[in-house]
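What follows is calculated from the coordinates using simple rules that are stated; it is not laboratory data. Here the structure is a predicted model, which is why all the values come from computation and not from measurement. No Cβ is skipped: glycine too gets one built from the backbone with ideal geometry, and neighbour counts run over all protein chains shown.
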Amino acid sequence: MAFDGFKYDRTFIADADLSAKQFHLVAMATTINQVSAIAAITTQPIGVLQNTPTGEGEMAIVRVLGETKIEAGATLTYGELIGSTTAGKADDITHGSETTVFKVGVVSDKGGASGEIVTAIIDCIAPYVAYPVT
């Protein structure tokens, strides 16, 4: 079951058709106030897309902070740190070993399998990479 709690949403402009990216992580585009789909795990996410903009120039509502629904890109369990897959889906991240992936949140519900919608608490205001543990 997915829950929805405290949130901070920001409105951006879609730089392309993002209708297939609802509940995926998105990134700031090269044009001011626009967001784009994530294409690499090393891209810094700005948040999770909440709506389905069908073309360039349409409003994109992005959850930047708080609890959100997000599509799993791997099997996720409660309490796991998450980052992004190359498709903007939530992926489990091992702290200290995946040093090029931005950590954006934690699974806050029971989790689920790849392709399922799960619930996570995210902070894309200040995402971080997991530096190696020494």
TODO: In whole Hz, with x marking every Gly and Pro, tabulate ³J(HN,Hα) for the range 97-107 from phi via Karplus 6.51 cos²θ - 1.76 cosθ + 1.60, θ = phi - 60°.
DONE: 10, 10, 8, 10, 9, 6, 8, 10, x, 9, 5
Task: Loop chymotrypsin sites (Phe, Trp or Tyr not before Pro), the range 69-134 (other Cβ atoms within 10 Å of the site Cβ: 14 or fewer; DSSP) - done: Y78
- [ ] Taking H placed 1.01 Å from N in the peptide plane, check which residues at least 5 places from V129 or on another chain put their amide H under 5 Å from its amide H.
- [x] K103
Task: Contact order normalised by residue count of the chain, Cα under 8 Å, 6+ apart, percent - done: 27
Open item on the list: Could you derive backbone 3J(HN,Hα) for the range 71-80 from the dihedral phi with the Karplus parameters 6.51, -1.76 and 1.60 (θ = phi - 60°), listing whole Hz in sequence and x where the residue is Gly or Pro?
Closed with: 7, 6, x, 7, 5, 10, 10, 3, x, 6
TODO: Determine the dipole magnitude for the chain: charges of +1 sit on the beta-carbon of Lys and Arg, -1 on that of Asp and Glu, nothing else is charged, the reference point is the Cα centre, and the result goes in debye to the nearest 20.
DONE: 160
Open item on the list: Suppose each label sits 7 Å from its Cα in the direction of the beta carbon; what would the M59-T94 distance come out to in nanometres?
Closed with: 4.4
TODO: Return the single residue from A29, A37, A90 with maximal mean-square fluctuation; model: Gaussian network over the chain, springs between Cα atoms under 10 Å.
DONE: A29
- [ ] Taking volume of the Cα convex hull per residue in Å³ as the quantity of interest, determine which of (1) 157; (2) 92; (3) 123 was computed from the displayed structure.
- [x] (2)
TODO: Using Cα centres only, tell me the gap between the range 90-122 and the range 57-73 in whole Å.
DONE: 14
